[in-house]
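Here is the structure we will look at, set down as structure tokens.
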Amino acid sequence: QVQLVESGGGLVQPGGSLRLSCAASGSIFRIYAMGWYRQPPGKQRELVATITSGGNTNYANSVKGRFTISRDNAKNTVYLQMNSLKPEDTAVYYCQASIRITGWTTRDDYWGQGTQVTVSS
């Protein structure tokens with residue numbers, strides 16, 4: 001069993017900052033790319049940022065220059081530092097990881113349960 005557990009969401013005023021964390025645990029052989037997605041109210045889930053095991057990053061245009069994704073491979077954890085938050089960043093944020101649970105299985109995508117981020121004055 002693999003679990004992804006997110007933390008760090010909450011209510012913040014426009015212009016503020018939050019840091020999300022997501023720790024993977026369980027039977028893990030190797031973690032490949034990790035990422036953050038979000039689902040705004042009434043909309044579909046969308047990509048926020050991804051990071052490879054080697055540290056290469058990719059961001060949605062809407063968050064470039066404001067959000068930073070990072071990871072600690074020793075802790076199987078991915079982070080999302082969110083600065084200059086806007087009301088349109090309000091969403092449920094989900095972490096995702098591509099994981100192999102043994103050396104002879106293919107990788108599968110795993111998701112966290114989601115954490116609410118609300119940007120409002």
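The values are calculated or read from the model by the stated rules, or taken from the named source; none is laboratory data. Not measured: the values here are computed from a predicted model. Here the Cβ positions follow ideal geometry from the backbone for every residue, glycine too, while neighbour counts run over all protein chains shown. Please note that ligands, DNA and RNA were not included when accessible areas were found on the heavy atoms of the full protein model with its side chains. Shrake-Rupley method; radii C 1.70, N 1.55, O 1.52, S 1.80 Å.
For LYS86, go through the lysines and keep the ones whose alpha-carbon is under 25 Å away, minus same-chain ones fewer than eight residues off.
LYS43, LYS64
Kirkwood hydrodynamic radius, computed over distinct alpha-carbon pairs, for the chain: how many Å, to one decimal? Provide the component values of the computation, followed by the final result.
On the way: mean 1/r = 0.0691 Å⁻¹.
Radius from the Kirkwood sum: 14.5 Å.
Loop-only check: which trypsin sites (Lys or Arg not before Pro) in the range 25-68 are DSSP coil with at most 16 other Cβ within 10 angstrom? Walk me through the intermediate numbers first.
Working: sites: ARG30, ARG38, LYS43, ARG45, LYS64, ARG66; in loops: LYS43, ARG45, LYS64, ARG66.
Taking the range 25-68 and a limit of 16 other Cβ atoms within 10 Å, the loop trypsin sites (Lys or Arg not before Pro) found are LYS43, ARG45, LYS64, ARG66.
Keeping every protein chain present and rolling a 1.4 Å probe, give me the accessible area per residue for the range 35-121 in Å².
On the way: 4600 Å² over 87 residues.
I get 53 Å² per residue for the range 35-121.
Rounding to the nearest 20 debye, state how big the charge dipole of the chain is about its Cα centre with +1 on each Lys and Arg Cβ and -1 on each Asp and Glu Cβ. Each step should come with its number before you reach the end.
Details: 12 positive and 7 negative charges, 34 e Å.
Its charge dipole is roughly 160 debye.
Dipole size in debye (nearest 20) for the range 64-119 around its Cα centre, Lys and Arg Cβ +1, Asp and Glu Cβ -1? Walk me through the intermediate numbers first.
Details: 7 positive and 5 negative charges, 37 e Å.
Computed about the Cα centre, the dipole is about 180 debye.
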